[in-house]
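The values are calculated or read from the model by the stated rules, or taken from the named source; none is laboratory data. These numbers were taken from a predicted model, which means no experiment stands behind them. Counting neighbours? That spans all protein chains shown, and the Cβs are built from the backbone with ideal geometry, glycine included. Just the protein is used for accessible areas: all its heavy atoms, side chains included, with ligands, DNA and RNA removed. Shrake-Rupley method; radii C 1.70, N 1.55, O 1.52, S 1.80 Å.
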Number of protein chains: 2
Amino acid sequence: MKLDYQVIEVHPKHPFTISRGTSTVYRRVIVQLTHEGVSALGEAAPSPYYGETADTVVAALELFRPLLGADPFNRQAIMGRLGQALGGNNAAKAAINLALWDLAGKLLGEPLYRLLGLDAAATPRTSLTIALDQPAAMAERAQAAYALGFSLIKVKLGTGHDRDIVTAIREAVPQATLRVDANAAWTPSQALHYLGWLAELGVELVEQPLPAADIEGLRRVTSASPLPIVADESAPNLASLRQLKGAVSGVNIKLMKCGGIDAALEMIHAARALGMLVMLGCMVETSVAIAAGAHLSPLVDYADLDGSLLLADDPFQGPTFPKGRITLVDDPGLGVQPSSVRSQAA
Amino acid sequence: MKLDYQVIEVHPKHPFTISRGTSTVYRRVIVQLTHEGVSALGEAAPSPYYGETADTVVAALELFRPLLGADPFNRQAIMGRLGQALGGNNAAKAAINLALWDLAGKLLGEPLYRLLGLDAAATPRTSLTIALDQPAAMAERAQAAYALGFSLIKVKLGTGHDRDIVTAIREAVPQATLRVDANAAWTPSQALHYLGWLAELGVELVEQPLPAADIEGLRRVTSASPLPIVADESAPNLASLRQLKGAVSGVNIKLMKCGGIDAALEMIHAARALGMLVMLGCMVETSVAIAAGAHLSPLVDYADLDGSLLLADDPFQGPTFPKGRITLVDDPGLGVQPSSVRSQAA
């Protein structure tokens, strides 16, 4: 297999602010694997929070290059070699894993969801994320999203005025389903205090209220909470699930945290066995990575696959989201192509 | 999809005795699904212990017939419909599920292990089971198995003379790796007492020492045991795993207990997340069902896939077991054909 990659810059439609900071540009690494004349795409959407940047991804890909071997179907051996060569670096590993699945689908002429045996009619709707800003600005953005058909709104929190934000959005979109995500910004006592008004305002669930390592705090908050508590930063990978049993109601699984499609399947099944709700999330990422998540989405309870929708300049086209409903493409593999291609064809 | 099936009788080479009784004949249901001119095989190996017979399988298949639909790739929707129509009956469901995978592999021209992304070079060796008999007869059979290259011997126990059995076999095959399976026959105090001499005799692991429902007993035995304790009857399906966390060292996953390949994958990943050792086992069954297990075997720690090896009259040919090593066939799907075909060709 031949490996090529390109570091690209993509930009959010609006500056993307969460409790940890603001981003106005993202560097992503688009991977291309070529085998027997067939080319396939993968993507790494690295996050410094999880120890990766575009530069570490490039370094990892160079390390992986001689380990890919000649058989794209032998993902078990390939991913095993990558794991043995380098711990962590799961966004880099996900880029390879996604490209291997895209390649398998293209070689077999089948879309990913069919290779997985999944039901394209069972995709959920995705939430659309409203990043942090002044409450009025966030409410306005929620209203615009709702007007476009996105009835599931995910509200970033973790400011000094979280209640004002949720109140303003609740008033702006009274019919919308609201989910909130504190990105680890609250203390346990704040979380316990906030849950009352979050429930009163009809919020559906709360994501990562506490710092990632505070599992005991999550357990206390979850046991007192009228709303499901979903772990994100506390649930990076399969190994993290065991300690979360009983400490949270669900987990947010992301391809870039766990290392790709095979690893995400493992986490989904493990979370189910532990009785957890399953959310499938994403980073701010292009339609390449979003497509991979979309093909897995028939398996999950909640989808937050809006990464490409947040971009002003997504270079790719993949699944579509009419009225927020994840709608899979029937092209082989991930079913992704450069934006220009489908636009020109349309 | 067109569904056909046939109830067949197969016979063990030797009367097959475990702690619950003796069998000299097994009725199995061979399923054939045909789609676009391609035919695929599945098998139900029902066990009265788990509530199924060939007759209940036939009744279930007739109930499933109108629910199969037209798309063999949409296993999620198909298995969902079967599950909604009928609880339990997992051997019947496994027969359909195996045939769907066989069909997908044949339609795509790829063996199952490649569709799953697994490494054919990573298959383990299977154990060979020595059923209950007089200690001398069991020792003789173990010696014959070892002489054929089977260095992993699984010894059925649960008699009044278990120590005599293991001692005789240990003397007969001093180099073999011994695993023992009490099939739920011991009390906790017996188990705790036996573990000492089992360890002294170099036994590798103990399967299902206690009755299926005695999870707390398993927990006590496991915490005191120098050997890994593996649950079989206590671990029928995904839902059973949660309560077994910390109560056993591992689980024996079987296609016929859990309902097929997709369900087995879920259990394998869930067991891993719970930190459990994973054994892949079987019923006394033909090469159709054994082939399905063999394709999954690169994922597991221990394989006990000797069901077809125990038969005098396996009507099918699938994977082979040179010196006990599970060796996959590269034909599409399960890679199984009637015994006569390959024999005639050879």
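Name every residue in the range A:263-314 that is in contact with an Asp or Glu (Cβ under 7 Å, 6 or more places away or on another chain), of a type in the set (A, V, I, L, M) and under 14 Å from residue A:28 (Cβ atoms), in order of residue number.
Those that are in contact with an Asp or Glu (Cβ under 7 Å, 6 or more places away or on another chain), of a type in the set (A, V, I, L, M) and under 14 Å from residue A:28 (Cβ atoms): A:288, A:289.
Output the residues belonging to the range A:160-185 that are closer than 25 Å to residue A:49 by Cα, out of contact with any strand residue (DSSP E or B) (no Cβ under 9 Å at 6 or more places or on another chain) and buried (at least 17 other Cβ atoms within 10 Å of the Cβ).
Scanning the range A:160-185 gives a single hit, A:184.
Counting only residues that are assigned to a helix (DSSP H, G or I), of a type in the set (A, V, I, L, M, F, W, C) and open to solvent by 10 Å² or more (accessible area, probe 1.4 Å), how many does the range B:26-81 have?
6
Residue under question is residue A:225, and the condition is that it be over 22 Å from residue A:50 (Cβ atoms) and polar (S, T, N, Q); does it hold?
Against the criterion (over 22 Å from residue A:50 (Cβ atoms) and polar (S, T, N, Q)), residue A:225 qualifies.
State whether the residues of the range B:273-291 include one that is within 14 Å of chain A (Cβ to nearest Cβ), surrounded by 20 or more Cβ atoms within 10 Å (Cβ to Cβ) and at pLDDT 95 or above.
There is at least one residue in the range B:273-291 that is within 14 Å of chain A (Cβ to nearest Cβ), surrounded by 20 or more Cβ atoms within 10 Å (Cβ to Cβ) and at pLDDT 95 or above.
Before we move on, is residue A:103 out of contact with any helix residue (DSSP H, G or I) (no Cβ under 9 Å at 6 or more places or on another chain) and open to solvent by less than 30 Å² (accessible area, probe 1.4 Å)?
yes
Quick check on my filter: what residues within the range A:208-227 are out of contact with any helix residue (DSSP H, G or I) (no Cβ under 8 Å at 6 or more places or on another chain), buried (at least 22 other Cβ atoms within 10 Å of the Cβ) and under 27 Å from residue A:87 (Cα atoms)?
A:208
Quick check, is residue A:305 in a loop (DSSP other than H, G, I, E, B), more than 14 Å from every other protein chain (Cβ to nearest Cβ) and surrounded by fewer than 23 Cβ atoms within 10 Å (Cβ to Cβ)?
Here the answer is no, as residue A:305 does not meet what is asked.
When residue B:88 is evaluated against the numbered criteria (1) surrounded by fewer than 24 Cβ atoms within 10 Å (Cβ to Cβ); (2) under 23 Å from residue B:307 (Cα atoms); (3) at the interface with another protein chain (Cβ under 9 Å from one of its Cβ atoms); (4) not hydrophobic (A, V, I, L, M, F, W, C), which criterion, by number, is the only one it fails?
Against the list (1) surrounded by fewer than 24 Cβ atoms within 10 Å (Cβ to Cβ); (2) under 23 Å from residue B:307 (Cα atoms); (3) at the interface with another protein chain (Cβ under 9 Å from one of its Cβ atoms); (4) not hydrophobic (A, V, I, L, M, F, W, C), residue B:88 comes up short only on (3).
From the list B:182, B:224, pick out the single residue that is in the same structural domain as residue B:282 (by TED's automatic domain parsing) and closer than 21 Å to residue B:132 by Cβ.
The unique qualifying residue is B:182.
Note down all Cβ pairs under 6 Å where the first residue falls in the range A:56-69 and is in contact (Cβ under 8 Å) with a residue 12 or more places away in the chain, the second is of a type outside the set (A, V, I, L, M, F, W, C), and they're at least six residues apart or on different chains.
Final answer for the pair search is A:57/A:46; A:60/A:89; A:61/A:5; A:67/A:81.
Tell me which residues, restricted to the range A:308-334, are of a type outside the set (Gly, Ala, Ser) and part of a strand (DSSP E or B).
Correct list: A:311, A:316, A:317, A:320, A:325, A:327.
Residues checked against (1) within 22 Å of the chain's Cα centre (by Cα); (2) assigned by TED's automatic domain parsing to the domain that holds residue A:285; (3) under 27 Å from residue A:291 (Cα atoms):
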site	(1), (2), (3)
A:105	yes, no, yes
A:123	yes, yes, yes
A:132	yes, yes, yes
A:139	no, yes, no
A:149	yes, yes, yes
A:162	no, yes, no
A:168	no, yes, no
A:175	no, yes, no
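Across the range B:228-270, what is the number of residues that are within 13 Å of chain A (Cβ to nearest Cβ), on the phi > 0 side of the Ramachandran plot and open to solvent by less than 30 Å² (accessible area, probe 1.4 Å)?
Going through the range B:228-270 one residue at a time, the tally reaches 1.
Would you confirm, using the coordinates I've provided, whether residue A:259 is under 28 Å from residue A:32 (Cα atoms), in contact (Cβ under 8 Å) with a residue 12 or more places away in the chain and of a type outside the set (A, V, I, L, M)?
yes
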